[in-house]
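Enquirer: Please find one structure pasted underneath; my questions will follow.
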Amino acid sequence: MWKCAILLLAVSILPSAAYSYSITNIEDYTSLDDLTPFGTQVTEKVQYWLGTKDGWMQEFYHKDSSVDKEDFGTLNSGWQGLDESDFHWHVGHGLHGLTNDGDIALYDYSIWNPGRKVDSWMVEGKWDLNNEWVVFQSCYVLEDPNWAAALKYSHMHLGFETVTYIDPNLPEKFFEYAINKNWKIFDAYKKATIETFGGDVEAAVYIDAREQINDHLWGHGYVAPDEYPDDNYVYHYHWGCE
């Protein structure tokens, strides 16, 4: 009887541990505009849909000063940040200017502390462990096409080429389509951005291999294989949210 109980327990926990997600949320900056409480509201949506509702394991959640460059997969050995999880959602400020188009601002970034950001070149060819999908809910990040160079075996990243807004309706609508309705990730994201934002927002997606446009979240339909070997070619899609 004791052995049977242990076996049933092991089977019951396998689905929740099979897939993992991670979140970085920077809403309290030392110099840039405060995003409180909207970053936390976005985080809670992601945690509810992936964790509570769909049973995924949270790999890590880092907030404000605990978010650092390594969280974005800048290392190719040891702990590898977002590349440790299947799905990552980042919320915070992106940068726009002559020398930092598409960079991610860390909590203490300023013109006096310009090194406190994440550049696309820091992650070139490095997302090759567990990650499949990354969302950047930040202004301008995908204005820099070199972020696509991170997609070695990772499948897709989704974000914005222009200004956007830290609106918790984006994850709410995205997961409603991707989880409740089993839509493809690309279709769910496109629909969610159009329903959440206006015409001043340009959303974008980079996909590593053509077939990966058909990806669903794990457990909700087909997921294309990793591109192996990686051919250093990506597919770019963008649209105005109107």
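Enquirer: With +1 on each Lys and Arg Cβ and -1 on each Asp and Glu Cβ, how big is the dipole of the chain about its Cα centre, in debye rounded to the nearest 20?
Expert: 800
Enquirer: Let me ask something else about it. When you count, for each residue, the other Cβ atoms within 10 Å and take the mean per peptide, how do 226-239, 199-212 rank with the highest first?
Expert: 199-212, 226-239
Enquirer: If you don't mind, another one. What residues have an amide H closer than 5 Å to that of Gln58, excluding those fewer than 5 places away on the same chain, when H is modeled at 1.01 Å from N in the peptide plane?
Expert: Hits under the 5 Å cutoff: Tyr21.
Enquirer: Please tell me which of these pairs span more than 31 angstrom C-alpha to C-alpha: Lys63/Lys126; Lys53/Lys117; Lys117/Lys181?
Expert: Checking Cα-Cα distances, Lys53/Lys117; Lys117/Lys181 exceed 31 Å.
Enquirer: For the range 176-226, rounded, prolate or oblate, judged on the Cα gyration tensor with a ≥ b ≥ c (square roots of eigenvalues), a/c < 1.5 rounded, else prolate if a/b > b/c?
Expert: It is oblate, given that a/c is not under 1.5 and a/b is not larger than b/c.
Enquirer: OK, next. Counting DSSP beta bridges in the chain, what percent are antiparallel, to the nearest 5?
Expert: In the chain, approximately 45 percent of DSSP beta bridges are antiparallel ones.
Enquirer: Within 10 Å of each residue's Cβ, count the other Cβ atoms and sort Ser77, Ser120 from fewest upward.
Expert: Ser77, Ser120
Enquirer: If you filter the range 98-168 for trypsin sites (Lys or Arg not before Pro), then keep DSSP loop positions with at most 14 other Cβ within 10 Å, what is left?
Expert: Taking the range 98-168 and a limit of 14 other Cβ atoms within 10 Å, no loop trypsin sites (Lys or Arg not before Pro) are found.
Enquirer: For the range 20-240, what relative contact order do you get, as a whole percent, if you take Cα pairs closer than 8 Å and at least 6 residues apart?
Expert: 17
Enquirer: With the Cα gyration tensor of the range 59-130 giving a ≥ b ≥ c as the square roots of its eigenvalues, does the rule (a/c under 1.5 for rounded; else a/b larger than b/c for prolate; else oblate) give rounded, prolate or oblate?
Expert: Verdict is prolate for the range 59-130.
Enquirer: For the peptides 94-100, 43-49, what is the packing order when you average, over each peptide's residues, the other Cβ atoms within 10 Å and list the highest mean first?
Expert: By packing density, highest mean first, the sequence is 43-49, 94-100.
Enquirer: Between Ile185, Gly240, Ser120, whose Cα lies farthest towards the positive end of the dipole of the chain when Lys and Arg beta carbons carry +1 and Asp and Glu beta carbons carry -1, centred on the Cα centre?
Expert: Ile185
Enquirer: Could you tell me which of rounded, prolate or oblate describes the range 20-240, using a ≥ b ≥ c as the square roots of the eigenvalues of the alpha-carbon gyration tensor, with rounded for a/c under 1.5 and, failing that, prolate when a/b is larger than b/c and oblate otherwise?
Expert: Rounded shape, in that the Cα axes give a/c under 1.5.
Enquirer: Rounded to the nearest 500, what is the chain's calculated 222 nm mean residue ellipticity when only DSSP H runs of at least 4 contribute -39500 (n - 2.57) each, over all residues?
Expert: For the chain, the value works out to -5500 deg cm²/dmol.
A short reminder: the numbers here are calculations on the coordinates, not readings from a lab. Please read these numbers as outputs of a predicted model, since none were measured by experiment. When we count neighbours, we look across all protein chains shown, and the Cβ atoms used for this are built from the backbone with ideal geometry, even at glycine.
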